[in-house]
């Protein structure tokens, strides 16, 4: 591959390295959850872990998040398990908001998620909610979530959040079992008050190790479809992917073939957040305070009980290597799109034990990388 082709969007490269602060901090508040999702990264169970962070330790974490940038701290995502099983949830949301930290919450669709709870979340100051929908009808979704009635509760929560004007993201897991249902899920979501559809491409971690990933060819076809939807003015919500960063390469290729500029790409739905991946723009704090590059990349890099989150993110390993496109190996290391994409470091780790190896879900032609 000629060196000149390795500089795609190079003039904008400083935008793609998040070396001082992440865009997003995920805090797994608890692993307690009343669902039994077959893909659960956290392998959640109904009872809380006695070692999970206390309310005071949670407040200390909030101060660490604010220390990244006091004027514009990272966005905090409260996840789990089910954050609704934390009795101090609302107080911690209000505390974060008082510090100028934007907060999103990912509650589980259980009997706890009532309209009154949604009102309390809004009153506490949440910026948005994320709910999961993994099937276009009850049989598909409930079998994925492990509890009957979850589909109906999810739809009811979506409608209630819409009536309360709470911005809503819907998360959908992409596996060999769910792929064929994605068009039907899209059609359903198009009738609901949804602001963003986030497709999470399976990484074999937690309970997800028992599921089947889609093939690279299926991935390319699915991402092409998502690009087509995103380019259509008729699509009623933003579309994004998680652990399928190569959609950026595909979107760039499509826009470039139509003669559109790099600036146009940077302003497009898949052009925003370029470079963000495990450890670069993202940091994850577990229920026990462990610091990870992301929730899908289980390499503990410290613990907020004994380490500074800011220092670990800025100067610790493997964060430094994960933020360096030149450290990538295999075809990802030689790819001209490595700056804006970089591949899923979590999937590389799950497959090889090395987070810097190639992301094999991307089918970008290997013939281009022959020496």
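The values are calculated or read from the model by the stated rules, or taken from the named source; none is laboratory data. These figures come from a predicted structure and were not determined experimentally. FYI the Cβ positions are ideal-geometry reconstructions off the backbone, even for glycines, and counts take in every protein chain you see.
Here's the yes/no breakdown for (1) touching a residue at least 60 places away in the same chain (Cβ under 8 Å); (2) surrounded by fewer than 24 Cβ atoms within 10 Å (Cβ to Cβ):
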site	(1), (2)
254	no, yes
260	no, yes
302	no, yes
312	no, yes
317	no, yes
327	no, yes
331	no, yes
340	yes, no
350	yes, yes
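So which residues in the range 109-126 are outside any helix (DSSP H, G or I) and buried (at least 16 other Cβ atoms within 10 Å of the Cβ), if there are any at all? Quick ask: steps written out before the conclusion?
Filtering the range 109-126 down to residues outside any helix (DSSP H, G or I) leaves 109-114, 125-126.
Of everything in the range 109-126, those that are outside any helix (DSSP H, G or I) and buried (at least 16 other Cβ atoms within 10 Å of the Cβ) turn out to be 109, 110, 113, 125, 126.
Being touching a helix residue (DSSP H, G or I) at 6+ places or on another chain (Cβ under 6 Å) and farther than 14 Å from residue 340 by Cβ is the filter here, so list the residues in the range 270-292 that pass it.
Correct list: 278, 279, 283, 291.
Consider residue 160 against the criteria (1) within 21 Å of the chain's Cα centre (by Cα); (2) under 18 Å from residue 196 (Cα atoms): it satisfies all of them except one. Which criterion is unmet?
Of the numbered conditions (1) within 21 Å of the chain's Cα centre (by Cα); (2) under 18 Å from residue 196 (Cα atoms), the odd one out for residue 160 is (1).
Any residue in the range 225-241 that is without any contact (Cβ under 8 Å) to a residue 24 or more places away in the chain, crowded, with 17+ Cβ neighbours inside 10 Å and either within 30 Å of residue 315 (Cβ to Cβ) or in contact with a helix residue (DSSP H, G or I) (Cβ under 7 Å, 6 or more places away or on another chain) (or both)?
The answer is no, given that none of the residues of the range 225-241 is without any contact (Cβ under 8 Å) to a residue 24 or more places away in the chain, crowded, with 17+ Cβ neighbours inside 10 Å and either within 30 Å of residue 315 (Cβ to Cβ) or in contact with a helix residue (DSSP H, G or I) (Cβ under 7 Å, 6 or more places away or on another chain) (or both).
Looking at (1) under 15 Å from residue 16 (Cβ atoms); (2) in contact (Cβ under 8 Å) with a residue 24 or more places away in the chain, which one does residue 364 not meet, given that it meets all the others?
The one condition residue 364 does not meet is (1).
Of the residues in the range 262-294, how many are under 17 Å from residue 9 (Cα atoms), in contact with a strand residue (DSSP E or B) (Cβ under 9 Å, 6 or more places away or on another chain), in a loop (DSSP other than H, G, I, E, B) and touching a residue at least 24 places away in the same chain (Cβ under 8 Å)?
The total comes to 2.
Any chance the range 101-108 includes a residue that's more than 23 Å from the chain's Cα centre (by Cα), buried (at least 17 other Cβ atoms within 10 Å of the Cβ) and either over 30 Å from residue 174 (Cα atoms) or without any contact (Cβ under 8 Å) to a residue 24 or more places away in the chain (or both)? Can you show your working first?
At the first step, the residues of the range 101-108 found to be more than 23 Å from the chain's Cα centre (by Cα) are none.
There is no residue in the range 101-108 that is more than 23 Å from the chain's Cα centre (by Cα), buried (at least 17 other Cβ atoms within 10 Å of the Cβ) and either over 30 Å from residue 174 (Cα atoms) or without any contact (Cβ under 8 Å) to a residue 24 or more places away in the chain (or both).
Let me spell it out: the conditions are (1) closer than 21 Å to residue 169 by Cα; (2) modelled with pLDDT of 95 or more; (3) surrounded by 22 or more Cβ atoms within 10 Å (Cβ to Cβ), and residue 33 meets all of them except one. Which number is the exception?
Single failed check for residue 33: (2).
List the number of the failed condition for residue 191; all other conditions in (1) touching a helix residue (DSSP H, G or I) at 6+ places or on another chain (Cβ under 6 Å); (2) more than 18 Å from residue 343 (Cβ to Cβ) hold.
Residue 191 satisfies every listed condition except (1).
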